[in-house]
1. Tell me, what does the Kirkwood hydrodynamic radius of region 62-142 come to in angstroms if you use every pair of distinct C-alpha atoms?
2. Can you sort Ile118, Ile9, Ile16, Ile25 by solvent-accessible area, 1.4 Å probe, largest first?
3. With a 10 Å cut-off between alpha carbons and a GNM built on the chain, which of Gly113, Gly57, Gly38 moves the most?
4. With a cut-off of 8 Å between alpha carbons and a minimum separation of six or more residues, what is the relative contact order of the chain in percent?
5. Would you mind checking region 93-107 for residues with the amide N under 16 Å from a putative spin-label position 7 Å along Cα→C-beta of Ala123?
6. Largest first, what is the accessible-area ranking of Tyr45, Tyr69, Tyr77 with a 1.4 Å probe?
7. Considering the alpha-carbon set of region 1-50 alone, what are its Rg and its Dmax in angstrom?
8. What residue among Val36, Val28, Val121 has the largest mean-square fluctuation in a Gaussian network model of the chain, using Cα springs under 10 Å?
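The values are calculated or read from the model by the stated rules, or taken from the named source; none is laboratory data. The structure presented is a predicted model; accordingly, all values stated were derived computationally and were not measured. Every residue, glycine among them, receives a Cβ derived from its backbone with ideal geometry; neighbour counts consider all protein chains shown. SASA here: full protein model, heavy atoms, side chains in, ligands and nucleic acids out. Shrake-Rupley method; radii C 1.70, N 1.55, O 1.52, S 1.80 Å.
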Amino acid sequence: MKDLGTAVIFFACFLIIAFMRSGSIRTVALSLTAAVLGVFLVITYMPHAAGRINNWGHIWEDINGDGGYQQTRMLTYLASGGLFGVGLGKGFLSGVFAADSDIVFGMVGEEQGLLLGIVIVIAVAMFVLYARSDVTRSRSTFYSITACAAAGMLLFQLCLNVFGSSDIIPFTGVT
C-alpha cells in the first residue's frame with residue numbers, strides 16, 4: 001500500500017531528532033532541501049499523490065469522485081453532529097471508506113460532538129507541552145530526544161488527520 005502520510009510523519013520525527021541531536025539549523029535546512037526534491041519526485045512519479053494536491057481546496061467540486069468524497073462527507077457529518085454529537089454508533093460517517101482511520105477526527109466529532117473533538121486536540125497539545133517540559137528535567141539525552149520525537153510524531157499525525165480531512169492542508173489519508 002502506498003502510504004505517503006506515514007512517511008511524512010516519520011520525516012517530521014526525523015527532523016526533530018536531527019535538530020535535537022545536532023542542534024544545528026543547517027542540518028534541518030539540508031534535510032528540508034532533500035524533502036523538496038522528494039516532493040518533486042513524488043508528484044512526478046505518483047499521480048495519485050499529485051491528484052490529492054490538485055484537489056486541495058477544490059473538494060466541493062467533486063463530491064462523489066475521488067477528489068472529495070471522504071472530505072466532503074467528513075465535513076458534512078461533523079457539522080451534523082453539532083456540539084454534543086449524535087451518540088456512539090449512531091453516526092453516518094462509519095459507512096464511508098476508512099472513516100475509522102483516515103478521518104477519525106470527523107467520526108469522533110460526529111458521534112461525540114465537536115466539543116469532545118476539541119478536548120482531544122487540546123489533550124494531545126498538553127501532552128506535547130508536558131513532553132517538552134520533561135525534556136528540561138531529564139538527565140539522559142536519549143530520553144529527552146525520545147520524548148520529543150514521540151510527542152512530535154503524535155502531534156504531527158494529529159495535525160495531518162485534523163487539517164487534512166478538513167481541507168486546510170492536502171489530504172494524506174494518514175491512519
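1. 14.1 Å is the Kirkwood radius here.
2. Ile25, Ile118, Ile16, Ile9
3. The residue that fluctuates most here is Gly38.
4. The value is 28 percent.
5. Only 104-107 pass the distance filter.
6. Ranked from most to least accessible, the order is Tyr45, Tyr69, Tyr77.
7. Rg then Dmax for region 1-50, in Å: 12.4, 37.
8. Of Val36, Val28, Val121, the most mobile in the Gaussian network model is Val36.
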